[in-house]
Structures are given as C-alpha cells and as structure tokens.
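First up is the structure itself, then whatever we jot down about it.
The values are calculated or read from the model by the stated rules, or taken from the named source; none is laboratory data. From a predicted model like this one, the values you see are computed outputs, not experimental measurements. A quick note on method: Cβ atoms are made from the backbone with ideal geometry, for glycine too, and the neighbour counts reach across all protein chains shown.
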Amino acid sequence: MKDLYALFRHSLAGLRVLVAATLLVGVAYPLAVYGVAAVAAPWQSHGSLVTATGAHTTDADDAVGSALLGQLTDDDRLFYNRPSAAGDGYDPLNSYGSNYGPESPDLIAAIKERKAEIAEREGVDPADVPPDAVTASGSGLDPDISEAYADLQVPRVAAATGLTEDAVRRLVAEHTSGRTWGVLGEPRVNVLELNIAVLAGS
C-alpha cells in the first residue's frame, strides 16, 4: 500500500509538471509572442496580406493574397511563379517539395517538359529558360522568382497589357529585393506585388 501511495504521489507530481508546462509553453508563450508581434509588426503577424491595390492589410476579407505565398495563374498579362509541388499548387496546407533527387527520371522529364512549355509561351530558346522557372522550391510556396525569370517574361506581359517593355521593366525593378542582409541568397522579384502593379498600370 505504501508503494502504491508513493507511485500515486509521484504520478500526481508528474501530472502537475505536465499541466504547468503545457500552460506555459503551449498557451502563455505563444500568446505572448503573438501579442508582441501584433503590436510591433501587425502586417507580418497577420500573414503579410496584400489588397488589390498593393496596400498592406490585416483584414483577410480585403486581401487578394499574401506576399509570402506564390499563386497559380494562366493569364498572359501576369508574371508566372515557379512550379509548385504543394498540393495542386501553392496550397499552404500541403507545403512540401517533390522530394525527387537530381537524377530522378521523373524530375528530369518534368524539367524538360516545363522548359519546352515555357520556351513556347515566352518565345525563347529552351536553353534560355532559367533554372527557377522549371524547378519547385522546397516548400512549394515560394512567392519570388529570379530576375532572369522575370526578365524572360517582360516581352509577353508588355504585349498582353499594352504597356511598353521599358515600363514593365521599371515595375520589375521596383519589386525586386536585394540579397538578405546584403549577402544571403540572390536578388528576387515578388510576383504577387509585381502583378498587382502591372494590372494597375495597364
């Protein structure tokens, strides 16, 4: 009986620690972090939502998308994102890459097919199609494309919108971000914000 009581007492102590840790780490800490973020960076903490005019918003009802998520399109007036392996494409509930290795026959075939499709769409040689145009990111949600892929699409977007190529290139430049902290990664173009600016200017 004494051993049973000791076991019960130790189990109860463990349960108290579990409840306390759950409340502290699982409830209090996330609420505190969210509260600080909501005050210090409200736009980012609400998902970096963007309206049809390109304005930042925290109201999901006003948003046309998030600056953090790519979007699928088949409109020749718009810039295309990278391919996506997330669900049916850019599904934030199914964020993942294809998991194909660099020598996978399926990946090689997909890249070849994408190159041919993009080359036909943009009126260029398949050899001129940049790597990010034919490969999905690890998350499948990448909102950005390279400067090279954006530049490749400029003539098509200009022809479809009636804008001059110089005007479209200026919009690309305005929505191009440099390397993170000046050293990490490569310059990148946010496609959603760029497309909003293109539609506003056309």
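Determine, yes or no, whether Asp61 is part of a helix (DSSP H, G or I) and either in the same structural domain as Gly138 (by TED's automatic domain parsing) or over 23 Å from Gln153 (Cα atoms) (or both). So Asp61 passes the test. Could you tell me whether any residue of segment 135-146 is assigned to a helix (DSSP H, G or I) and surrounded by 14 or more Cβ atoms within 10 Å (Cβ to Cβ)? The answer is no, given that none of the residues of segment 135-146 is assigned to a helix (DSSP H, G or I) and surrounded by 14 or more Cβ atoms within 10 Å (Cβ to Cβ).
Looking only at segment 107-129, count how many residues are surrounded by 12 or more Cβ atoms within 10 Å (Cβ to Cβ) and on the phi > 0 side of the Ramachandran plot. Walk me through it before giving the result.
Start the filter on segment 107-129 by keeping residues that are surrounded by 12 or more Cβ atoms within 10 Å (Cβ to Cβ), which leaves 107-108, 110-112, 114-119, 121-122, 124, 126, 128-129.
From what is left, the residues that are on the phi > 0 side of the Ramachandran plot are none.
Residues meeting the conditions: 0.
Among the conditions (1) touching an Asp or Glu at 6+ places or on another chain (Cβ under 9 Å); (2) surrounded by 13 or more Cβ atoms within 10 Å (Cβ to Cβ); (3) in a loop (DSSP other than H, G, I, E, B), the only one that Val50 does not satisfy is (3).
Taken as a whole, the condition of being in the same structural domain as Leu192 (by TED's automatic domain parsing), without any contact (Cβ under 8 Å) to a residue 12 or more places away in the chain and either aromatic (Phe, Trp, Tyr) or in contact with a helix residue (DSSP H, G or I) (Cβ under 8 Å, 6 or more places away or on another chain) (or both) applies to Asp125.
For segment 186-202, give me the residue count where each residue is in a helix (DSSP H, G or I) and either more than 19 Å from Ala133 (Cβ to Cβ) or not β-branched (Val, Ile, Thr) (or both).
To start, the set of residues in segment 186-202 that are in a helix (DSSP H, G or I) comprises 191-201.
Cutting the leftovers down to either more than 19 Å from Ala133 (Cβ to Cβ) or not β-branched (Val, Ile, Thr) (or both) gives us 192-197, 199-201.
Residues flagged as in a helix (DSSP H, G or I) and either more than 19 Å from Ala133 (Cβ to Cβ) or not β-branched (Val, Ile, Thr) (or both) within segment 186-202 amount to 9.
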